[in-house]
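Read-outs throughout are calculated quantities, based only on the coordinates presented, and are distinct from any laboratory measurement. This one's a predicted model, so the numbers in the text were calculated from it and none came from an experiment. For neighbour counting, all protein chains shown are included, and Cβ atoms are generated from backbone atoms with ideal geometry for every residue, glycine included.
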Amino acid sequence: MTRRARGDHRFRLVHVAINRLEFRFSFTLHCDSSLPGSARDSRAPFGDSPNALLDGCLRRVAANCTRVACAPQSTEPRGHRFHSFDELTIAHSWKRENATPAVQLDRSEKIYVAGHRGLLGGALVRLLRARGFERTIARSRSELDLGNAAAVCAFFKSERPAVVLLAAAKVGGIKANSDAPVEFLLENLRIQNNVISAAHEYGARKLVFLGSSCIYPKFAPQPIPERALLTGPLEPTNEAYAIAKIAGIKLCQSYARQYGENFISVMPTNLYGPGENLDPHTSHVLGALLRKAHEAKVSGAGEMVVWGTGEPRREFLHVDDAADAVLSLLENYHSPEIINVGCGEDITVHALARLICDVVGFNGELKFDRTKPDGTPRKLLDITKLRQLGWSPKIGLREGIACTYESLLAQSALQTMQ
Ligand SMILES: NC(=O)c1ccc[n+]([C@@H]2O[C@H](COP(=O)([O-])OP(=O)(O)OC[C@H]3O[C@@H](n4cnc5c(N)ncnc54)[C@H](OP(=O)(O)O)[C@@H]3O)[C@@H](O)[C@H]2O)c1
């Protein structure tokens, strides 16, 4: 015979995600002392408090759930401990065999783009808005310092974004990375730890962590498959940055394993495009060459200096293509395993410099400064996994560099250097 410990308690499940489909419904919880975990059974595996009872029951009832959040309805007895709870969140292991292959993004959902003033963050916001996502939210660094854990928690608590695109990071080229490894390690760890843990704490249903191709070993097989991660020593010039990014990947994977979170890690190749960083101290190779070629043309110089031997091979992806790939993965990729994002082709730094000079209209000589570091000899990502999901790049390198140059001229980003 069923004995009721404290009577039936009716709960309204505010949000249940089963196989990442979301439902709302009510149910009645019978405090049945014949079940382990009932309010009367102090030896119960889930403890004897009503909260532990609810937790235990939901664990068994919703074994396929990725996340359960519930709130008591008014029928609950007065003075009950549940009154102090706005929401109780119970995370369950994500059962991959039950996973659905795709989740359509809801245009009414809140999507937080961290780092929206940056190269990739800016492209993500432009693309989301162009596709009708009106509830894209963003904060500048002066409004929200992502290195400040308390501020990040307060922001997530009040905004509760459903989706988080983590494109904020301390990013720089070879020189910046070699000069300030402490800042590259510490700032990136702080930003990603704060954002990823707050996304979990405040119920984001999906997070995309932006890593980098620097995470792979210096002498990884080419093109670099995702499985090359942690198989050899890193390129020393950006080791601190790479270690921080690897920690971010492992944090997302740990949240997926321990709490069933749908937090994915995407590894883009070298990006370029409108908003390209032209700062001589922090820019990447393409931005640095664009600025030098423009300055050489405007000053009428006979030669342009390129760092290193010009022999390393690099891959470049236009940032609008990268943003398109990230949104595609947001909807179609749900594995904690990392995934590469690139164009599948590489070019020597020498050939890149020639192409840039051609686009800019500088006809002088190229001089290679061999006292400067080359970095990794070759870095081409294997994008087989990405292609299998049906994605491929659309913007060719010459076309992309030409558009980037035009946009930088239009923004007066280069005019000021004349
Ligand atoms: N660019 C590439 O070639 C490339 C390649 C592979 C991977 N990625 C990855 O893609 C992501 C975006 O890169 P990106 O090139 O777009 O970088 P970016 O242009 O340097 O933008 C980074 C953004 O992060 C923001 N940020 C940095 N620290 C912050 C803090 N403490 N609080 C708040 N905001 C902060 C910056 O804000 P401010 O505007 O205030 O500085 C900036 O808007 C990074 O994770 C990077 O590792 C980039």
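Across the range 283-294, coupling constants 3J(HN,Hα) worked out from phi with the 6.51/-1.76/1.60 Karplus curve, θ = phi - 60°, read 6, 8, 4, 5, x, 5, 5, 4, 5, 4, 5, 5 Hz, and Gly and Pro carry x. Stretching the chain fully between residue 399 and residue 301 yields a gain of 32.7 nm (0.36 nm per residue, less the alpha carbon separation). For residue 137, nonlocal amide neighbours, meaning residues 5 or more places apart or on other chains whose placed amide H falls under 5 Å from its own, are 111, 112, 113. Anisotropy class assigned to the range 111-417 is prolate, per the alpha carbon gyration tensor with a/c at or over the 1.5 cut-off and a/b larger than b/c.
Each label was represented as a point 7 Å from its Cα along the Cα-to-Cβ direction; for residue 331 and residue 407 these points are 2.1 nm apart. Summary of packing: across the peptides 138-149, 245-256, 172-183, the per-residue average of other C-beta atoms within 10 Å ranks them, highest first, as 245-256, 172-183, 138-149. If you sort the three axes of the alpha carbon gyration tensor as a ≥ b ≥ c, you get a/c of 1.5 or more for the range 292-384 and a/b above b/c, which makes it prolate.
Here the Karplus relation 6.51 cos²θ - 1.76 cosθ + 1.60, evaluated at θ = phi - 60°, turns the backbone of the range 137-154 into coupling constants of 10, 8, 9, 6, 4, 5, 7, 8, 7, 5, x, 9, 4, 5, 5, 5, 4, 4 Hz, with x for every Gly and Pro. Averaging the Cα positions of each part gives two centres, and for the range 126-154 and the range 295-349 these lie 25 Å apart.
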